[in-house]
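Worksheet for the structure shown next.
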Amino acid sequence: MKNSSRRGFMGKAFGAVAGVGAVASLYAMKRSWDPLPSVKAAGFTTLDMTAYKENELVVEKWRGKPIFVLKHSKEMIDTLDENKSQITGESLGEIDKKRLVKIGNDYFMVTIGLCTHLGCIPGYNPDEKSFLCACHGGLYDDTGMVTKSPPPRGLDIPPFRIDGMKLVLGEEGPEYKKMKETGITL
């Protein structure tokens, strides 16, 4: 009788160890199939727009790309409104202002910080309120529009959605879709 009860106990113990091992193996396999946290985080980036200071460029990161965020001061907006086309008389500021993201009462330039010519990273000059791409001398204004070639177009605007005082990069909200429909960004 002792032998069979010992054999039964050993069988149950072996079964329990095998069961725990099987559950641990399944858990490990499931974890290996899940995307890494860095991959999950790369899809969407949320920016708190109350943290930015006027005329101070902040470079964020989204999907491995630099994102330029520049909060415009009242003076910068007023300067945009003063610029008029000599040909059409149309306010160039209204054209450029369409490239800005309005959150609350503030305007922000939010662009992918790569030159549209060859992908270099332009530097910002806060005194002149302009961006210079040192690779080939391209210039952009403080809205990301080209002011001197060779860049073929303004700095690209990443997909975004406005959520209160936050900007969610990587999701197309109505404001971004309007920019895309009107040709302001690709």
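The values are calculated or read from the model by the stated rules, or taken from the named source; none is laboratory data. Bear in mind that the values here come from a model prediction, so they are computed numbers and not experimental data. Methodologically, a virtual Cβ is constructed for each residue, glycine included, from the backbone with ideal geometry; neighbour enumeration extends over all protein chains shown.
Residue 131 passes every criterion in (1) closer than 15 Å to residue 69 by Cβ; (2) in contact with an Asp or Glu (Cβ under 7 Å, 6 or more places away or on another chain) apart from (2).
Let's see how each residue does on (1) surrounded by fewer than 18 Cβ atoms within 10 Å (Cβ to Cβ); (2) touching a Leu at 6+ places or on another chain (Cβ under 6 Å); (3) among the β-branched types (Val, Ile, Thr):
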site: 96; (1), (2), (3): no, yes, no
site: 102; (1), (2), (3): yes, no, no
site: 107; (1), (2), (3): no, yes, no
site: 115; (1), (2), (3): no, no, no
site: 120; (1), (2), (3): yes, no, no
site: 126; (1), (2), (3): yes, no, no
site: 148; (1), (2), (3): yes, yes, no
site: 158; (1), (2), (3): no, yes, no
site: 161; (1), (2), (3): no, no, no
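Quick one: would you say residue 132 is in contact (Cβ under 8 Å) with a residue 60 or more places away in the chain and surrounded by 16 or more Cβ atoms within 10 Å (Cβ to Cβ)? For residue 132, the condition - in contact (Cβ under 8 Å) with a residue 60 or more places away in the chain and surrounded by 16 or more Cβ atoms within 10 Å (Cβ to Cβ) - is not met. Only one of the listed residues (64, 113) is over 21 Å from residue 163 (Cα atoms) and modelled with pLDDT of 90 or more. That residue is 113. Scanning region 134-186 for residues that are among the hydroxyl-bearing types (Ser, Thr, Tyr) and closer than 18 Å to residue 67 by Cα returns 140, 143, 176, 185. Here residue 22 meets each of (1) in a helix (DSSP H, G or I); (2) in the same structural domain as residue 147 (by TED's automatic domain parsing); (3) exposed (fewer than 15 other Cβ atoms within 10 Å of the Cβ); (4) at pLDDT 85 or above with one exception, condition (2).
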